[in-house]
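K.L.:
Below is the structure I would like to discuss, written out as structure tokens.
The values are calculated or read from the model by the stated rules, or taken from the named source; none is laboratory data. Because the structure is predicted, anything quoted here is derived from the model rather than measured. Ideal geometry is used to build each Cβ from the backbone, glycine not excepted, and the neighbour counts take in all protein chains shown.
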Amino acid sequence: MAKSFISTTKFEVVIDKAALMNSLTAGANGRITGIEVRRYILPIIEKASKDLVRDFYNHSVTKEIMKGPSANNTSGTLGGYGNLFSFIGFGQGSDPFSQVEDLIKSKLNVRVRAITGGRFRITIANAPDTQSIFEATPYPWASGSSWAEGVEKGMSNLGSYLNRPSGISSSNSGTGIQVGAILSSRSFKTTSYISGIMNKFLKNVIKF
């Protein structure tokens, strides 16, 4: 009966990395590898999208505006006086975030395509960006300017803003109005908002 044995002979395999990668990404192999790449990156992109929605709703500016004309200035942008809903001038019962929600909740279209050198080109379509959200957040009384951008860069006339939680009959929001006189020396305190949220989203998307 022949005895089994273990060979201790050392062996080496030389692999042409470029050729190997080309073979893996060429033709049918490329399609199969592309499917695996897609399976790997999709969960990352989907999580980034969910985190984007979460970060938007968790932001102090979003929370304050969603509470309407009777909210407190929890974002600190107005020095604790009044609230952003009435200061910006949203109408009673209006939804300042309807278009923004459509953008951040839109389903992303992801395409994976093999290219030369064992690389893949990943295209993500239908993704929101900072500028598109700025365009979707015009002031209710002035088109062409974004209140969301104003949160980051500053808003004027806070000193002429009068807020009365009990109500103001001539107010669009119901509780806030701009008057002709200077009532205080308050100035708007800017804060990171859409730009910060979207920068984090983009970093999360490209983690792969």
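K.L.:
Condition test on Ser106, is it within 15 Å of the chain's Cα centre (by Cα), surrounded by fewer than 16 Cβ atoms within 10 Å (Cβ to Cβ) and assigned to a loop (DSSP other than H, G, I, E, B)?
P.N.:
Details: within 15 Å of the chain's Cα centre (by Cα): yes; surrounded by fewer than 16 Cβ atoms within 10 Å (Cβ to Cβ): yes; assigned to a loop (DSSP other than H, G, I, E, B): yes.
Taking the combined requirement at face value, the residue satisfies it.
K.L.:
Report whether or not Thr62 is at pLDDT below 85 and part of a helix (DSSP H, G or I). Write out each step before concluding.
P.N.:
Details: at pLDDT below 85: no; part of a helix (DSSP H, G or I): yes.
No; evaluated as a whole, the condition is false for this residue.
K.L.:
Which residue, of Phe120, Phe134, is in contact with a strand residue (DSSP E or B) (Cβ under 8 Å, 6 or more places away or on another chain) and either at pLDDT below 95 or loosely packed, with under 15 Cβ neighbours inside 10 Å (or both)? Quick ask: steps written out before the conclusion?
P.N.:
Details: Phe134 fails: either at pLDDT below 95 or loosely packed, with under 15 Cβ neighbours inside 10 Å (or both).
Just a single option satisfies the conditions, and that option is Phe120.
K.L.:
Considering (1) under 23 Å from Ile104 (Cβ atoms); (2) more than 22 Å from the chain's Cα centre (by Cα), say which one Arg119 fails and leave the rest.
P.N.:
(1)
K.L.:
Could you count how many residues in segment 152-176 are under 21 Å from Thr62 (Cα atoms) and in contact (Cβ under 8 Å) with a residue 40 or more places away in the chain?
P.N.:
So the answer is 11.
K.L.:
Okay, moving on. Report whether or not Asn73 is under 30 Å from Ser184 (Cβ atoms) and free of Cβ contacts under 8 Å to residues at least 12 places away in the same chain. Give the steps one after another, and end with the answer.
P.N.:
On the way: under 30 Å from Ser184 (Cβ atoms): yes; free of Cβ contacts under 8 Å to residues at least 12 places away in the same chain: yes.
When the stated conditions are applied, Asn73 passes them.
K.L.:
Oh, and also: Is it the case, given these coordinates, that Ser75 is surrounded by fewer than 20 Cβ atoms within 10 Å (Cβ to Cβ) and either touching a His at 6+ places or on another chain (Cβ under 7 Å) or not in a helix (DSSP H, G or I) (or both)?
P.N.:
Working: surrounded by fewer than 20 Cβ atoms within 10 Å (Cβ to Cβ): no; either touching a His at 6+ places or on another chain (Cβ under 7 Å) or not in a helix (DSSP H, G or I) (or both): yes.
For Ser75, the condition - surrounded by fewer than 20 Cβ atoms within 10 Å (Cβ to Cβ) and either touching a His at 6+ places or on another chain (Cβ under 7 Å) or not in a helix (DSSP H, G or I) (or both) - is not met.
K.L.:
Of all residues in segment 186-208 being at pLDDT 95 or above and charged (D, E, K, R), which is farthest from Val37 (Cα to Cα)?
P.N.:
Filtering first and then ranking leaves Lys189.
K.L.:
Under 7 Å between Cβ atoms, at least 6 apart or on separate chains: pull out the pairs that start in segment 33-56 with a residue that is among the β-branched types (Val, Ile, Thr) and surrounded by 17 or more Cβ atoms within 10 Å (Cβ to Cβ) and end on any residue that is modelled with pLDDT under 85 and part of a helix (DSSP H, G or I).
P.N.:
Thr33/Leu24; Thr33/Thr25
K.L.:
Moving on to the next point. Taking Ser187 as meeting all but one of (1) under 28 Å from the mean Cα position of the chain (by Cα); (2) surrounded by 17 or more Cβ atoms within 10 Å (Cβ to Cβ), write down the number of the exception.
P.N.:
(2)
K.L.:
Moving to a separate point now. Restricting the first residue to segment 187-208 and requiring it to be more than 19 Å from Glu46 (Cβ to Cβ), which pairs with a second residue that is among the small types (Gly, Ala, Ser) and surrounded by 14 or more Cβ atoms within 10 Å (Cβ to Cβ) meet a Cβ separation below 7 Å and a spacing of at least six or different chains?
P.N.:
Once the first residue is more than 19 Å from Glu46 (Cβ to Cβ) and sits in segment 187-208, its partners that are among the small types (Gly, Ala, Ser) and surrounded by 14 or more Cβ atoms within 10 Å (Cβ to Cβ) give Lys189/Gly79; Thr191/Ser75; Tyr193/Ala148; Ile194/Ala148.
K.L.:
Sticking with this structure for a sec: Which helices (runs of 4 or more DSSP H) sit wholly inside segment 125-208 and have at least 1 residues that are β-branched (Val, Ile, Thr) and in contact with a Phe, Trp or Tyr (Cβ under 7 Å, 6 or more places away or on another chain)?
P.N.:
On the way: elements: 130-135, 147-153, 194-205.
Where helices (runs of 4 or more DSSP H) fall fully within segment 125-208 and carry at least 1 residues being β-branched (Val, Ile, Thr) and in contact with a Phe, Trp or Tyr (Cβ under 7 Å, 6 or more places away or on another chain), they are 147-153, 194-205.
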